[in-house]
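Asker: Starting off with a structure, shown below.
We did not get these values from a lab; they are worked out from the coordinates using the rules stated. Predicted, not measured: the structure shown is a model, and the values here were computed from it. We place every Cβ from the backbone using ideal geometry, glycine too, and count neighbours over all the protein chains shown.
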Amino acid sequence: MSATHPQPPVSTAMEPFEYSAVRLRPGLFAQRFGLNRQYLASLANDSLLYPFRYEALLPTPGQPFGHWEAITSRVRGHFFGHYLSACARTYATSDDGEIKAKADYLVAELAKCQQANGDGYAGPIPERYLQRVEQRGPDAYVWCPYYMIHKTMMGCYEMYRYAGNQQALDILDGMARYVKRRIDRLSDAQMAHMLTEEHGGMAHVLYQLYRTTGDPEHLTHARRWDHHAFLAPLAQNEDRLTFVHANTNLPKVYGAAEAYEATGEVWYRDVALNFWSMIYPARTYATGGSNSQELWAEPGKLRNTLAPHAPQSNEAPGTSPKNHNQETCTTFNWMWLARYLLRWTGQVSYADQYERNLYNGIISAQNPDTGMFIYFTPMLAGSRKVYGTPTETFWCCYGTGVQACSDLAGGIYYHDPADETLYVNLFAPSEVRWQRAAGAVRIEQETTYPLKPQTRLTVHLQAPQSFELALRIPWWVGDDVAVAVNGTALAGPLAPSSYCRIRREWQDDDVIELTMPMHFYLEPLPDAPDIAALMYGPLVMAVLAEGEVALRVDRGRPESWLEPNQIPGRNLRFLALSPEEDRQVLPLYQVKDERYTMYLRFL
């Protein structure tokens, strides 16, 4: 099939650069990206394809993966779509030909499965599972089969979008038409009932497909996946989110965001903006995460969500009791929504929240040595991160994990639609190539952030050009933040959560330096002012401890009871001083296997 790429009927304040325009340089992001790439390369093709070949009655060489991906699991195959997405983004960011060849092979084999099935189906689960969830009979229940279908479709879309694989788009088109034939048989009442079951981002990928092809059939299909029972109250700014499953419903919201861009209907935009204001800040932890036991709490009532719970049935055997805050899937989907809202509005607060979640919810969810992922970020005092294994875990957050860690270059640089302003939203060693009518611009960013709270940008040009460079000034800065161009300081003050806009005629090798000294501060729970997370710049700090940490200190002056215990420029270690016992303090993203306490009690 052909793609037409119709222009969206909405205006935006800024757009991210394509992955191909950004390159990571050695640093934290590149190290985590590289770990993820190694993991992607290590996974056997036959194991990834096993459930798809099995359902297509094709030979199944190799061995299936375990746990959630076991052939007896009802959610087998969910990882595959995330995997294709991760490969596509990895290739687009790094021109990694080996990863692209591996993913292209998987797409070609998936096409063989679709052809063998003969009706457009290319899924990893029995088609009868789809019938069961459509019928929703009491004796024929099966958990979330369209979740797996969505992941496969999403992976195909991103292989087309970011890796240029036309065959992936053809598979997606065939799958979409197969699904449409199924749901065309359902009444509106049956469809509404089915939509209460978790189905991933079916609306989102179908609106993307419509925007790619311009085929009105796909628009009609996408609209049937709008879950109006959930979306309509949001459009009216009615908060009905308490005790609602977070990751079932968050994709419906960013699906509405994509629908707004596909149709221009403001109703969808209202859904997204109102939803954001219901979650942040009233239901949000210091990390940026927002759910407990995979549910949203009552607004402003988070203290009891830190209580211990028994292990969930979907966890690895032998898991000890703990709490289940901040599911990694929810964090990544929240960041996905933040990108939409940042693009529409240009409001820096969305970029602030993106950074908060990135360090404390995504990078902190990946083991810095092995590249493995956690399902939840526990916030109960004395918790420990529980990582999965390379081939025997595959929680939903494994799929999210590989996708998120292939995406680390995606949020750094933006530009306005007129190509007059370049926005620097994240601070990471990297470079961006900006193709303007006046000539090519290359911006090189050198930094060890967050180890050192400063960054240096160098402009490279063939000839002088006039444009605006906008640097994000984070929400946490004090009045000692400073910007200099070629050594000359700009006049202040620079307000927190704003953009420092520098418009001038730039010369080759102009240098911009941004210095943002980090300070300690506390972020208490909304319903427990005596319980607070210790923050250092954008970072949630963890105290290494086996249980609750109670401190009798000056809450207004954390520097008075914190002492550096670090190798300058290499880590962010401190000591929390108290009469009872000094405690080691480090960023949550640097915690590996140690027991830690994130929320401290102040006496």
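Asker: Could you tell me which of rounded, prolate or oblate describes the range 520-602, using a ≥ b ≥ c as the square roots of the eigenvalues of the alpha-carbon gyration tensor, with rounded for a/c under 1.5 and, failing that, prolate when a/b is larger than b/c and oblate otherwise?
Answerer: Working: a/c = 1.38, a/b = 1.33, b/c = 1.04.
It is rounded, given that a/c, with a ≥ b ≥ c, falls under 1.5.
Asker: Would you mind classifying the range 20-185 by shape? Square roots of the alpha carbon gyration tensor eigenvalues, ordered a ≥ b ≥ c; an a/c under 1.5 is rounded, otherwise it is prolate if a/b is larger than b/c and oblate if not. Each step should come with its number before you reach the end.
Answerer: Values: a/c = 1.96, a/b = 1.73, b/c = 1.13.
Prolate.
Asker: Between helix 348-357 and the chain, what is the angle of the helix's C-alpha long axis to the longest principal axis, kept within 0 to 90° and rounded to the nearest 10?
Answerer: With both axes taken from Cα atoms, the answer is about 80 degrees.
Asker: Additional query: What shape does the range 424-506 take by its C-alpha gyration tensor, where a ≥ b ≥ c are the square roots of the eigenvalues and a/c under 1.5 counts as rounded, a/b above b/c as prolate, and the rest as oblate? Write out the running numbers ahead of the final one.
Answerer: Values: a/c = 2.07, a/b = 1.52, b/c = 1.36.
Prolate, because a/c is 1.5 or more and a/b exceeds b/c.
Asker: For LEU600, list long-range residues whose amide hydrogen, built 1.01 Å from N in the peptide plane, is under 5 Å from its own amide hydrogen.
Answerer: Distant-sequence amide H within range of LEU600: ALA532, ALA533, LEU534.
Asker: Cβ under 12 Å from PHE65's Cβ, PHE65 left aside: what net charge do those residues give with Lys, Arg +1 and Asp, Glu -1?
Answerer: Numbers: positive: ARG76; negative: ASP46, GLU69, GLU392.
It works out to a net charge of -2.
Asker: Turning to a different aspect of this structure: So if I place +1 on the C-beta of Lys and Arg and -1 on the C-beta of Asp and Glu, and nothing else carries charge, what would the dipole magnitude of the chain be about its Cα centre? I want it in debye, nearest 20. Don't skip to the end; give the middle numbers.
Answerer: Values: 54 positive and 66 negative charges, 123 e Å.
In total the dipole reaches around 600 debye.
Asker: Working out 0.36 nm times the residue gap between ASP480 and THR370, then minus their Cα-Cα distance, what length gain in nm do you get to one decimal? Spell out each step's value before the answer.
Answerer: Working: separation 110, 0.36 × 110 = 39.60 nm, distance 3.78 nm.
Extra length from ASP480 to THR370 when fully extended: 35.8 nm.
Asker: In degrees from 0 to 90, rounded to the nearest 10, what is the angle of the helix 396-405 Cα long axis to the longest principal axis of the chain?
Answerer: Its long axis makes an angle of about 60 degrees.
Asker: Among LYS100/LYS592; LYS151/LYS180; LYS151/LYS252; LYS180/LYS252, which pairs are too far apart, with a Cα-Cα distance over 22 Å? Don't skip to the end; give the middle numbers.
Answerer: Values: LYS100/LYS592 31 Å; LYS151/LYS180 17 Å; LYS151/LYS252 14 Å; LYS180/LYS252 18 Å.
Where the Cα-Cα span goes over 22 Å, the pairs concerned are LYS100/LYS592.
Asker: Whole-Hz Karplus ³J(HN,Hα) for the range 263-277, in order, using 6.51 cos²θ - 1.76 cosθ + 1.60 and θ = phi - 60°, x for Gly and Pro?
Answerer: 10, x, 7, 5, 3, 5, 4, 4, 3, 5, 5, 5, 4, 4, 5
Asker: If a paramagnetic tag sat 7 Å from the Cα of GLU505 along the Cα-Cβ line, which residues of the range 437-456 would have the backbone N under 18 Å from that point?
Answerer: What the label zone holds, given the 18 Å backbone N cut-off, is 437-441.
Asker: 5 Å is the cut-off here: which amide hydrogens, built 1.01 Å from N in the peptide plane, fall below it relative to TRP506, excluding neighbours closer than 5 in sequence?
Answerer: Residues meeting the criterion, in which the H sits 1.01 Å from N, are GLN465, SER466, PHE467.
Asker: About the Cα centre of the range 20-185, how large is the charge dipole given +1 on each Lys and Arg Cβ and -1 on each Asp and Glu Cβ? Please answer in debye to the nearest 20. Please report the intermediate quantities before stating the final value.
Answerer: Working: 21 positive and 16 negative charges, 81 e Å.
Value, rounded to 20: 380 debye.
Asker: On to the next question. Mind checking the full-extension length gain between ARG557 and THR220? Use 0.36 nm per residue of separation minus the Cα-Cα distance, one decimal, nm. Walk me through the numbers on the way to the answer.
Answerer: Values: separation 337, 0.36 × 337 = 121.32 nm, distance 5.78 nm.
Roughly 115.5 nm would be gained on extension.
Asker: For the range 336-346, in order, what is each residue's ³J(HN,Hα) by Karplus, 6.51 cos²θ - 1.76 cosθ + 1.60 with θ = phi - 60°, in whole Hz (x at glycine and Pro)?
Answerer: Ordered by residue, 3J(HN,Hα) equals 4, 5, 4, 5, 4, 5, 5, 4, 5, 9, x Hz.
Asker: Starting from the Cα-Cα distance between GLN590 and LEU58, subtract it from 0.36 nm times their residue separation and give me the gain in nm to one decimal.
Answerer: Numbers: separation 532, 0.36 × 532 = 191.52 nm, distance 4.47 nm.
Contour length minus the Cα-Cα distance gives 187.0 nm.
Asker: Separate question: Using a 10 Å cut-off around each Cβ, can you sort ASP173, ASP510 from fewest to most neighbouring Cβ atoms?
Answerer: Starting with the residue having the fewest Cβ neighbours, the order is ASP510, ASP173.
Asker: Here is a follow-up. For the chain, take the longest principal axis of its alpha carbons; what is the angle in degrees between that and the long axis of helix 202-213, to the nearest 10 within 0 to 90?
Answerer: 80 degrees
Asker: Can I ask one more? Report ³J(HN,Hα) in whole Hz for each residue of the range 218-226, in order, from the Karplus equation J = 6.51 cos²θ - 1.76 cosθ + 1.60 where θ = phi - 60°; Gly and Pro get x.
Answerer: Taking θ as phi minus 60°, the curve returns 6, 5, 4, 5, 4, 4, 5, 8, 5 Hz for the range 218-226.
Asker: So how do GLU355, GLU217, GLU581, GLU134 line up by other beta-carbon neighbours within 10 Å, fewest first?
Answerer: By the 10 Å Cβ count, ascending, the order reads GLU581, GLU217, GLU134, GLU355.
Asker: Can you compute the modelled spin-label distance between VAL266 and ASN304, with each label point 7 Å from Cα toward Cβ, in nm?
Answerer: Between VAL266 and ASN304, the label points sit 4.0 nm apart.
Asker: Under the rule of at least 5 residues apart or a separate chain, name every residue whose amide H is placed under 5 Å from the amide H of VAL244.
Answerer: Here the answer is TRP296, since their amide H atoms fall under 5 Å of that of VAL244.
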